[in-house]
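Reviewing the structure listed below.
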Amino acid sequence: MSQQDKIALVTGGSRGIGRTVALKLAVQGARVYVNFVSRSEAAEETVAMIEKLGGQGEIIKFDVADYSATQEAVKDLVSNDGPVDILVNNAGITRDNLIARMKEDEWDQVMDTNLKGTFNCCKAVIKQMMKKRWGRIINISSVVGFSGNSGQVNYSAAKAGMSGLTKSLAREFASRKVTVNCVAPGYIITEMTEAISDDAKQKMLSEIPMGTLGVPEDVAAAVAFLASDEANYITGQTIHVNGGMYM
Ligand code: NDP
């Protein structure tokens with residue numbers, strides 16, 4: 001699967017799943033823009049890893065939740081380098097709490113980053129993709145957007161929302177050869193899941209038929225496939241990467 005001469009933007013590409021996606025696309029030949037919001041050292045490290053593998057990477061800092069900042073940053077990228085061919089909406093946060101204790105701010109932050117952030121980034125790239133008659137948008141949702149999860153009404157709602165956004169956008173742009181799909185990971189070993197207690201992890205493992213947590217490479221493989229020419233006729237779909245946890 002070659003992505004030679006393609007430009008990819010991976011939001012939250014500095015760590016975890018996003019970093020592995022960025023590395024994978026860069027190894028396939030794409031020039032990868034690694035987005036982050038706060039930890040610049042992680043983003044620099046990702047770009048250094050890309051370069052060590054012989055690929056091309058650039059850092060692009062912006063808060064996906066900020067509409068104007070996102071439009072400005074992508075506009076600069078396009079005027080300096082050209083239109084974005086592949087957008088991976090991966091930036092995401094959790095602010096877990098049972099609804100009885102959940103603060104309005106915890107709802108808003110998760111919605112703004114995970115759902116509105118996806119809208120903001122799609123909006124920033126879609127016109128150029130349409131003009132080019134080729135584009136790939138891959139949204140990283142989550143198993144809990146399909147199954148629900150207690151303590152995550154905000155996160156599950158945002159991820160379920162990404163699914164609706166994906167299908168609608170897929171319908172709007174299918175005739176322009178722009179495909180829009182989701183990858184829905186189960187439990188993947190990253191900093192996001194490191195915070196989970198051992199007890200909760202054991203419970204989770206008992207719900208996963210394959211009996212192990214996933215690794216970022218499992219998710220990156222699905223993203224790379226959807227980003228490739230081999231996935232030309234796939235749009236509005238979700239690939240579940242969860243060891244059988246949700247079927
Ligand atoms: P991490 O917490 O390891 O990394 C999150 C990344 O998102 C970081 O690069 C972070 O940048 C970036 N980010 C957070 N907020 C913003 C923002 N407002 N603007 C730009 N970048 C931002 O997460 P994971 O790698 O675990 O998760 C990646 C995606 O996969 C998320 O969407 C998550 O919901 C989803 N997912 C993860 C699962 C898992 O088990 N890990 C399961 C299901 C879905 P910075 O370092 O600068 O803050």
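All of the numbers you see were taken from the coordinates with simple rules; none came from a lab. Everything quoted here is computed from the prediction, not taken from an experiment. A quick note on method: Cβ atoms are made from the backbone with ideal geometry, for glycine too, and the neighbour counts reach across all protein chains shown.
Only a single item in (1) out of contact with any Phe, Trp or Tyr (no Cβ under 7 Å at 6 or more places or on another chain); (2) in a loop (DSSP other than H, G, I, E, B) is not met by residue 21, and it is number (2). Being more than 10 Å from the ligand (Cβ to nearest atom), crowded, with 20+ Cβ neighbours inside 10 Å and either of a type in the set (Ser, Thr, Tyr) or part of a strand (DSSP E or B) (or both) is a property that does not hold for residue 26.
Matching residues to (1) closer than 30 Å to residue 2 by Cα; (2) buried (at least 17 other Cβ atoms within 10 Å of the Cβ):
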site: 44; (1), (2): yes, no
site: 57; (1), (2): yes, yes
site: 86; (1), (2): yes, yes
site: 91; (1), (2): yes, yes
site: 100; (1), (2): no, no
site: 135; (1), (2): yes, yes
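Being of a type in the set (A, V, I, L, M, F, W, C) and in contact with a strand residue (DSSP E or B) (Cβ under 7 Å, 6 or more places away or on another chain) is the filter; apply it to segment 12-23 and report the residue that is nearest to the ligand (Cβ to nearest atom). For segment 12-23, the residue satisfying everything is 17. For segment 185-198, the condition holds for no residue, the condition being that it is away from the ligand (no atom under 16 Å from the Cβ) and farther than 24 Å from residue 109 by Cβ. Taken across segment 4-11, residues that are part of a helix (DSSP H, G or I), more than 14 Å from the ligand (Cβ to nearest atom) and crowded, with 24+ Cβ neighbours inside 10 Å do not occur at all. Is it fair to say residue 201 is within 14 Å of the ligand (Cβ to nearest atom), part of a helix (DSSP H, G or I) and touching a residue at least 40 places away in the same chain (Cβ under 8 Å)? Considered against the rule, which asks whether it is within 14 Å of the ligand (Cβ to nearest atom), part of a helix (DSSP H, G or I) and touching a residue at least 40 places away in the same chain (Cβ under 8 Å), residue 201 comes out as no. In this structure, residue 40 does satisfy being in contact (Cβ under 8 Å) with a residue 12 or more places away in the chain and surrounded by fewer than 18 Cβ atoms within 10 Å (Cβ to Cβ).
Taking segment 127-144 as the range and being within 16 Å of the ligand (Cβ to nearest atom), over 9 Å from the mean Cα position of the chain (by Cα) and assigned to a loop (DSSP other than H, G, I, E, B) as the test, the residues that pass are 142, 143. Applying a threshold of 8 Å to beta carbon distances and a minimum spacing of six or more residues, or different chains, the list of pairs starting in segment 86-103 at a residue that is farther than 30 Å from residue 228 by Cβ and ending at one that is small (Gly, Ala, Ser) and away from the ligand (no atom under 13 Å from the Cβ) reads 96/151; 97/151; 98/150; 98/151. Number of residues in segment 172-185 that are more than 17 Å from residue 161 (Cα to Cα) and either in contact with a strand residue (DSSP E or B) (Cβ under 7 Å, 6 or more places away or on another chain) or buried (at least 23 other Cβ atoms within 10 Å of the Cβ) (or both): the value is 3.
Per-residue answers, yes or no, for (1) away from the ligand (no atom under 14 Å from the Cβ); (2) not in a loop (DSSP other than H, G, I, E, B):
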| position | (1), (2) |
| --- | --- |
| 63 | no, no |
| 68 | no, yes |
| 75 | yes, yes |
| 83 | yes, no |
| 87 | no, yes |
| 94 | no, no |
| 102 | yes, no |
| 110 | no, yes |
| 115 | no, yes |
